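Colleague: Structure in structure tokens, see below.
The values are calculated or read from the model by the stated rules, or taken from the named source; none is laboratory data. For clarity, every value in this text was computed on a predicted model and none was experimentally measured. Heads up, the Cβs are rebuilt from the backbone with ideal geometry, glycines too, and the neighbour counts pull from every protein chain shown. All accessible areas refer to the heavy atoms of the entire protein, side chains included, with ligands and DNA or RNA removed. Shrake-Rupley method; radii C 1.70, N 1.55, O 1.52, S 1.80 Å.
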Amino acid sequence: MTNSRLNLPRGPVMVDVAGFSLTEQERARLCHPLVGGVILFRRNFQNVQQLRALTAEIRALRSPHLLIAVDHEGGRVQRFLNGFTRLPPMNVLGEAWDSDRSQALKLAETVGYVLAAELSASGVDLSFTPVLDIDWGRCAVIGNRSFHRNPEAVAELAEALQQGLGRGGMASCGKHYPGHGYVEGDSHHLMPQDDRSLAEIRRDDLVPFARLSEAGMGAVMPAHVLYPAVDSQPAGFSRVWLQDVLRGQLGFDGVIFSDALDMAGAAGAGSYVQRADAALAAGCDMVLVCNQPEEADTMLAALAPPPQPRLADRLERMAAKSSAGSWQQIVASADFAAAQAVVRQLAMPKDALAGPQVGEAH
């Protein structure tokens, strides 16, 4: 083991690690030039002290440091529990919006702030949140992860949450573009298909993505969903969705992260190398390879990404701007304790954890 830090630009691949600390094999993988980030799961969390040590270990490998990400939305998708504020599923904020719109927006901002500040204090750069999918009442894997059925409500609440994330030192990542809520299938296990026209999708599901793009959304994660009326390729492998609509029509200039390439919804693109090639060629900036370390090594050995002149700048915008230590002082303050109390009062409803588990199958 060496203490020397590699000076190496962030590459276009995000990988994962197995446990509470790094193995030598993982250190070598994370120092590969094509790697630019690490995604953490519940299996990587024992307690706050251990998490801070793990993120410090990852950050010490390279300069600029590898981006450290997590799915930490609330409800049944919250990876870190003990020592973190329990976050409600987002439909709790939607229900609050129905009762008192102004108060709901304040609550959403506070949830975003607490979410981000606690992660920032543990050395995590970003959470893949908010979920911008519309709750059409059709998709169990989305379900109560969605704010609301009303696209305007989703847009307003998500923008307030994005403001809170920013106050907590974190950029946002809207998902699952252009909308996963209308399909019944779970793209972790199959390829869902949404047969609506672009006009129909634009009228409803694209509203939150357009609003947050204008408001400075940092990143987008496309859905492993097929929209055959728009393109023959799923959104995450579609130049129409990523280049023409997202970059061109919505004017989005942040990071496009692929959804995890181990999901069944990505399997149609072929091997992991072919999946990564297709996602990057379509316009993704960074691809996620999770739960398959051998496949990750094979892909890293064979992948030849296209030129990405904007990659370094876009990824840098997702990196934490303040040290974990400075955030540790903030989360220990009385003011922050008051914000935590507000979030805790959003009592977890009895159905908060209802629905399929997301991303923790391995």
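Colleague: Leaving ligands, DNA and RNA out of it, report the carbon-plus-sulfur percent of the accessible area of the stretch 5-60 at a 1.4 Å probe.
Modeller: Here carbon and sulfur together make up 57 percent of the probe-accessible area.
Colleague: Mind giving me the FRET efficiency for R43 and A334? R0 is 25 Å, r the Cβ-Cβ distance, nearest 0.05 is fine.
Modeller: 0.15
Colleague: Heavy atoms only, probe 1.4 Å: what % of the accessible area of the stretch 222-299 goes to carbon and sulfur, would you let me know?
Modeller: 45
Colleague: Step through the residues of the stretch 62-77 one at a time and calculate ³J(HN,Hα) from phi using the Karplus curve (6.51 cos²θ - 1.76 cosθ + 1.60, θ = phi - 60°), rounding each to whole Hz and writing x for Gly and Pro.
Modeller: 9, 9, x, 5, 4, 5, 10, 10, 7, 8, 9, 8, x, x, 7, 10
Colleague: Could you pull out every residue, at least 5 positions away or on a different chain, whose amide H is within less than 5 Å of the one on I68? Hs are placed 1.01 Å off N in the peptide plane, and Pro or chain starts have none.
Modeller: V38, D125, L126
Colleague: Name all residues of the stretch 98-115 having a backbone nitrogen under 19 Å from the label point set 7 Å from the Cα of R149 along its Cα→Cβ direction, giving them as ranges.
Modeller: 98-101
Colleague: Okay, next question. Report the extension gain between S326 and S99 in nm, rounded to one decimal, defined as 0.36 nm multiplied by the number of residues separating them, less their alpha carbon distance.
Modeller: Residue separation times 0.36 nm, minus the Cα-Cα distance, leaves 78.1 nm.
Colleague: Accessible area per residue of the stretch 169-258 at 1.4 Å probe, in Å²?
Modeller: 33
Colleague: Another question, if that's okay. Mind sorting out which of (i) 1.14; (ii) 0.94; (iii) 1.06 is the real Rg/Rh (Cα atoms, Kirkwood Rh) computed from the coordinates?
Modeller: Given (i) 1.14; (ii) 0.94; (iii) 1.06, the calculated one carries the label (ii).
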